[in-house]
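Below: one structure, written as structure tokens.
The values are calculated or read from the model by the stated rules, or taken from the named source; none is laboratory data. Quick caveat: nothing in here was measured; it's all calculated off a predicted structure. Here the Cβ positions follow ideal geometry from the backbone for every residue, glycine too, while neighbour counts run over all protein chains shown. Note: areas computed on protein heavy atoms with side chains; ligands, DNA, RNA excluded. Shrake-Rupley method; radii C 1.70, N 1.55, O 1.52, S 1.80 Å.
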Amino acid sequence: MLLLQTERQGIKMKAIWTILLLIASNVFMTFAWYGHLKLQEMKISSGWPLILVILFSWGVAFFEYCAQVPANRIGFVENGGPFNLMQLKIIQEVISLTVFTVLVTVMFKGQTLQWNHFAAFFCLIMAVFFVFLK
């Protein structure tokens, strides 16, 4: 009984670590993909050649991978985690769009949420629901 309870706690911790690492990964991903646009808006990188912008984004994306790869390894059911591949991917997509929405509405003025964005989020939540159905 105690062993089963300890195993359940371990799986819960793997789920929590997976989600936290996916959040961190997606913060870096959003900055890698869109941060250079903010730098351009702030007149920091407006004179940079495209290759430098790409290298900058790759440098930021390195940290995305440093969180994404362990998240998938920790969370994957065949490594003792709680999620199968479909579940990991759907969770990652929901986190990705949530992080993107928060960062973009904070970083880029004029980007407002509209009713169709909320409808899309509802569809994503339903995707999570359906992917976890047995």
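Once the Cβ-Cβ distance of Met42 and Phe100 is raised to the sixth power relative to R0 = 30 Å, the FRET efficiency obtained is 0.95.
Plugging the Kirkwood radius over Cα pairs into Stokes-Einstein for the chain, at a temperature of 20 °C and a viscosity of 1.002 mPa s, what D comes out in µm²/s?
The Stokes-Einstein estimate is 128 µm²/s.
Any chance you could give the angle, 0 to 90 degrees and rounded to 10, that helix 50-75 forms with the longest Cα principal axis of the chain? That helix lies at roughly 10 degrees to the long axis.
Close amide H partners of Gly81, meaning residues 5 or more places away or on another chain with modelled amide H under 5 Å apart, are Phe76. Here the contact order of the stretch 1-72, divided by its residue count and restricted to Cα pairs under 8 Å and six or more residues apart, works out to 47 percent.
The helix-based estimate of mean residue ellipticity at 222 nm for the chain, built from -39,500 (n - 2.57) per DSSP H run of four or more residues and divided by its residue count, is -28000 deg cm²/dmol to the nearest 500. Using C-alpha pairs under 8 Å with a sequence gap of at least 6, the mean separation divided by the residue count of the chain gives a relative contact order of 30 percent. For the stretch 63-111, dividing the convex hull volume of the Cα atoms by the residue count gives 67 Å³ per residue. Solvent-accessible surface of the chain, taken per residue with a 1.4 Å probe and all protein chains present: 69 Å². Computed from phi, the 3J(HN,Hα) profile of the stretch 91-96 under the Karplus parametrisation 6.51, -1.76, 1.60 (θ = phi - 60°) reads 4, 4, 5, 5, 4, 4 Hz, with x in place of Gly and Pro. Charges were assigned to the Cβ only: +1 to each Lys and Arg, -1 to each Asp and Glu. The resulting dipole of the chain about its Cα centre is roughly 140 debye.
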